[in-house]
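The values are calculated or read from the model by the stated rules, or taken from the named source; none is laboratory data. What you see is a predicted model; the values in this text were computed from it and never measured. Cβ placement follows ideal geometry from the backbone for every residue including glycine, while neighbour counts extend to all protein chains displayed. Accessible surface areas use protein heavy atoms only, side chains included; no ligands, DNA or RNA. Shrake-Rupley method; radii C 1.70, N 1.55, O 1.52, S 1.80 Å.
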Amino acid sequence: MPSTSHHAYDPSNIFARILRGEIPNKTVLETTHTLAFHDIHPQAPIHVLVIPKGPYVTFDHFAAEASAEELTDFHRTAASVCAMLGVAPGEGYRAITNAGAHGMQEVPHYHLHILGGKVMGRMLGHG
Ligand code: 5GP
């Protein structure tokens, strides 16, 4: 990654460990640049995380610095996951990504949450 990035990637984060095969995951789909797997603490009947394999911390980091190949692979994989999960076409889903302290991001490796299987409620909770 460019050394000029202000996004300092911590390779000890839990998703980096999953990508290195150090801890198991329930894989939905894996491609050259992308992994999709079930969230360990699902917050809806369907709760899948889509992550790039590259060392990106947040959505904006990935969007700004990933290669065109990585960007395309990630989004095509996310679309395939939506189809595999039956949410699109289907009853729909919510895609969320949290970044940094105000976003209350817990794992500092970019991930897209895909949630579905029920009506998800309004976009933002309170508290
Ligand atoms: P964040 O708050 O960073 O947007 O979301 C992190 C997500 O990662 C949470 O939904 C949490 O349940 C999930 N998670 C944390 N550790 C693990 C793990 O070891 N395996 C899996 N599959 N999900 C995890």
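Against the chain, whose longest principal axis comes from its Cα atoms, helix 68-85 is set at around 20 degrees.
Using only Cα atoms, what is the ratio of the radius of gyration of the range 6-47 to 2.2 N^0.38 Å? Numbers along the way, then the final one.
Details: Rg = 11.9 Å, N = 42, 2.2 N^0.38 = 9.1 Å.
Here the answer is 1.31, to two decimals.
By the scheme Lys and Arg +1, Asp and Glu -1, what is the net charge of all other residues having a beta-carbon under 9 Å from that of His7? Here the count lands on -2. At what distance in angstrom do the alpha carbon centres of the range 22-55 and the range 80-109 lie from each other? If you average the Cα positions of each part, the centres end up 10 Å apart.
Would you mind estimating how fast the chain diffuses translationally, via Stokes-Einstein at 37 °C and 0.692 mPa s with the Kirkwood radius over Cα pairs, in µm²/s?
Roughly 217 µm²/s, to the nearest whole number.
Each Lys or Arg adds one and each Asp or Glu takes one away; over the other residues whose Cβ falls under 15 Å from the Cβ of Ala16, this sums to 0. A 1.4 Å probe over all protein chains sorts Glu30, Glu65, Glu70 by accessible area into Glu30, Glu65, Glu70, starting with the largest.
Going from most exposed to least, what order do Arg20, Arg122 have by accessible area with a 1.4 Å probe?
Arg122, Arg20
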